[in-house]
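The values are calculated or read from the model by the stated rules, or taken from the named source; none is laboratory data. All values reported here derive from a predicted model rather than from experimental measurement. Glycine also receives a Cβ, built like all others from the backbone with ideal geometry; neighbour counts cover every protein chain displayed.
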Amino acid sequence: MKRILLVVLLLVAAIGLYVLGAALRLYGNHRGPGEPTEATIPAAVLGARALAQQRAGAALSPAPSDEILFGDLHVHSTFSTDAFLTSLPMMGGDGAHPVADACDFARFCSALDFWSINDHAEASTPQRWSETVDTIRRCNAIAGDVDEPDVVAFLGWEWSQVGRRPKDHYGHKNVILRDLDDGKIPTRPIAAAGLATTALRGNAARVPALLPLLDLPNRQQYFDFIEFVEEVRAIPECDPGIASPDLPDDCYESAATPGELFRKLDEWDVASIVIPHGNTWGFYSPPGISFDKQLTAAENDPNRQLLIEVMSGHGNSEEYRKWRAVTFDAKGEPSCPEPSPNYLPSCWRAGEIIEARCLEAGESVGECADRAAEARQNYAASGAGGHLTVPGAQPEEWLDSGQCRDCFLPSFNYRPGGSVQYGLAIGNFDDPGPPRRFRFGFIASSDNHSARPGTGYKEYGRRDNTEAAGPASEAWRERITGKAKDPAPRSELLSEDQLVSRGLRALEAERQSSFFMTGGLAAVHAASRTRQGIWDALESKQVYGTSGDRILLWFNLLNAERPDGSFGPIPMGGEARMDRAPRFEVRAVGAFQQKPGCPEYSVRGAGPEHLARLCQNECYNPSDRRKIITRIEVVRIRPQQRKGEAVGPLIEDPWRVFQCDPNPAGCTVLFDDPEFGPDARDTVYYARAIEEPSPAVNAGNLRCEDDGKGGCASVDPCYGDYRTDRDDDCTEPIEERAWSSPIFVDHASLGS
């Protein structure tokens, strides 16, 4: 008995010491950036790519002189908190994806020409930033000849601002840096102040010290995650009264608004481009957001904010719609709008759910109608956390509420006031003289969180190549989100403190998983493959975005005077002033159809085991057959000329549609705008090249069953967790596309 008691005491002591060690952070390790593979893409492969493109361009005479290069300017590694979290076994993750993996993936899997690292600045530390800089430098050092590098890697970060109310919300922006040398880059990334930082650095952000004990075989990964979070929390705040370059290297710097971010970048005086993204995402963005407050002199820097992300792995942000999730009166009080064609507000659906429950509970029709009205108002008052006001509601009960039914691959809980088209249509009239306007060029990206830039090259691997993630089991689901409430026949109004305290649990992660795509690409018309050549194309907006396929696209204004007084084509992204009908040309060639597997140079360069882990032995592997361009669509936007002018009628989408012959060599169209001269309005034009249908991951979103009235009878969500088979890619056919950057044609009679 004494021996047994002694063994028990020793066991209890050992467990106690182990638990104490966990509480004291004795077991966690710092996760480093990894080691890029020391191998390059053969010059012959790069030459063959360029030759194939030259031949495609020559078939659409006149042959273009610039090369089109493809890249991804929005990539995360597990140096981002959300990326680390979803890499854990409890979320069905497959382990760490460091910065070096992104270098290898871009080179050997997706075969990109350029990419950037954009880990969330809110999770950065001096050590992580230093390691990121070193790894990006090494990725470029491996690239070979500086005049013909196989891949160009850019340094950057994401500024991830979130506000609870529309007036406080600005959204996310990627900062891309041109240079890599000391003295030409900031000594730290600049985070977004507010909810984005308090969610990670506040006391509520502490990860339970005993979390690793819930999954003992994988405990080290959880210990490392705890260490990751505590490393961020340990960094002292920077003094906001000191200029950014004069601050010590080891402090945590943040900016509350875009204007403050631009000011800090100005203090550094480094070459940078700031790219807004996700402005229609309703996952975390409160209803009622719009671009208007970002078009003021204080919050916009047109010399840095040159480009916008039209699509990513979170969906499309291009299209404007006049409906809103929530409406606001003159005093800013929210209310729930009625349904409209192709849109069911989630607040309205909340009322329907509560009313049905109420009637089922035997209450009177009048009482249940009152409760439905109360539910709609409670939802409208709760911002992005409105779904929490309906106790025990399952994802399927919400049907397709909150979603844009007639948009191409829309982002979740679509916010039209943040759409690219809305941004191009509005003007700011605060100052005398010409209105202030956005003049964005377009890119697309992946926003991948597993160090996999350019995942759209093949439509496979939903759980690896998109952000679809969720609890690995029912038990983990309950641990992470808490026990689900029982359905109740009455809505609950949650206070702002209650919503904030729930953190990520306040977001609709389950329904969001059906809206994660493999993502898009940025394409540049570059004079060379060099870093400077790519940067020059980005700065001049000679760029376009694709939904993932490597479509070749040219868009030119043919009959305008150039800024230097000469005449000749003005390419996409350009500006002109004229008073006669502008004439345009669009040329497009479809992407190569893909062969299965990987080319030999990828296998040889990365090695079979590494390649299998990186991209599951599926690489960019083009055949010699191209997809067909079926049509060219042109969008015309005539920006506001006066304050308060209705935006909807200013956006003509599509303005013109040109059907293409089924020719693998591509499609060319010419058109003019005879209304431009007499209408005397500044006008924005851009083109979309549309490919023949092909399957894409998660293209069905919630997979709604039509009710025969234009609505949704039921949904079949494609979950990121255990409820949808990991091998189910949830593919449905879509028409892949490319969006040209706009050409901005100002009328010579106006003073803009």
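Quick rundown of the values:
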| read-out | value |
| --- | --- |
| Candidates Q640, Q616, filtered to the one that is surrounded by fewer than 16 Cβ atoms within 10 Å (Cβ to Cβ), farther than 23 Å from E692 by Cβ and touching a residue at least 60 places away in the same chain (Cβ under 8 Å) | Q616 |
| Selection status of F283, outside any loop (DSSP other than H, G, I, E, B) and either over 21 Å from L306 (Cα atoms) or aromatic (F, W, Y) (or both) | no |
| Helices (runs of 4 or more DSSP H) contained entirely in the stretch 334-453, each with at least 3 residues that are more than 23 Å from E299 (Cα to Cα), among the hydroxyl-bearing types (S, T, Y) and in contact with a helix residue (DSSP H, G or I) (Cβ under 9 Å, 6 or more places away or on another chain) | none |
| Matching residues in the stretch 699-735 - criterion: being among the hydroxyl-bearing types (S, T, Y) and either at pLDDT 95 or above or within 18 Å of M517 (Cα to Cα) (or both) | S714, Y719, T724, T731 |
| Test: residue in the stretch 126-147 that is surrounded by fewer than 23 Cβ atoms within 10 Å (Cβ to Cβ), among the aliphatic types (A, V, I, L, M) and free of Cβ contacts under 8 Å to residues at least 24 places away in the same chain | yes |
| Near pairs, Cβ below 6 angstrom, 6+ apart or cross-chain, from the stretch 346-369 (farther than 9 Å from P489 by Cα) to any residue that is of a type in the set (F, W, Y) | C347/Y379; R349/W398; A350/Y379 |
| Conditions (1) surrounded by 24 or more Cβ atoms within 10 Å (Cβ to Cβ); (2) within 27 Å of E736 (Cβ to Cβ); (3) modelled with pLDDT under 95; (4) not β-branched (V, I, T); number of the one not met by G386 | (2) |
| Which listed residue is assigned to a strand (DSSP E or B) and either surrounded by 19 or more Cβ atoms within 10 Å (Cβ to Cβ) or out of contact with any Cys (no Cβ under 8 Å at 6 or more places or on another chain) (or both), from A699, A689 | A689 |
| Scope the stretch 342-383; condition of a type in the set (S, T, N, Q), at pLDDT 95 or above and either over 27 Å from P286 (Cα atoms) or buried (at least 23 other Cβ atoms within 10 Å of the Cβ) (or both); matching residues | S346, S364, N378 |
| Some residue of the stretch 718-726 being under 30 Å from A472 (Cβ atoms), touching a residue at least 12 places away in the same chain (Cβ under 8 Å) and surrounded by 23 or more Cβ atoms within 10 Å (Cβ to Cβ) | yes |
| The lone exception for A196 - which of (1) buried (at least 17 other Cβ atoms within 10 Å of the Cβ); (2) of a type outside the set (D, E); (3) within 28 Å of the chain's Cα centre (by Cα); (4) in a loop (DSSP other than H, G, I, E, B) it fails | (4) |
| Matching strands (runs of 3 or more DSSP E) fully within the stretch 615-674 where at least 2 residues are acidic (D, E) and within 30 Å of L295 (Cα to Cα) | 651-659 |
| Subset of the stretch 485-499 [in contact with a Pro (Cβ under 9 Å, 6 or more places away or on another chain) and either closer than 18 Å to E396 by Cβ or small (G, A, S) (or both)] | K485, D486, P487, A488, S491 |
| Pairs with Cβ under 9 Å, 6+ apart, first in the stretch 390-401 and free of Cβ contacts under 8 Å to residues at least 40 places away in the same chain, second part of a loop (DSSP other than H, G, I, E, B) and not basic (K, R) | Q394/A484; Q394/P487 |
| Given (1) under 29 Å from G573 (Cβ atoms); (2) of a type outside the set (G, A, S); (3) in contact with a Ser or Thr (Cβ under 7 Å, 6 or more places away or on another chain), number of the condition W398 does not satisfy | (1) |
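Residues are listed down the side, and each one gets a yes or a no for (1) in contact with a Cys (Cβ under 8 Å, 6 or more places away or on another chain); (2) assigned to a strand (DSSP E or B); (3) small (G, A, S):
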| site | (1), (2), (3) |
| --- | --- |
| F105 | yes, no, no |
| L112 | no, no, no |
| N118 | no, no, no |
| R128 | no, no, no |
| V133 | no, no, no |
| C139 | yes, no, no |
| D145 | no, no, no |
| D150 | no, no, no |
| L155 | no, yes, no |
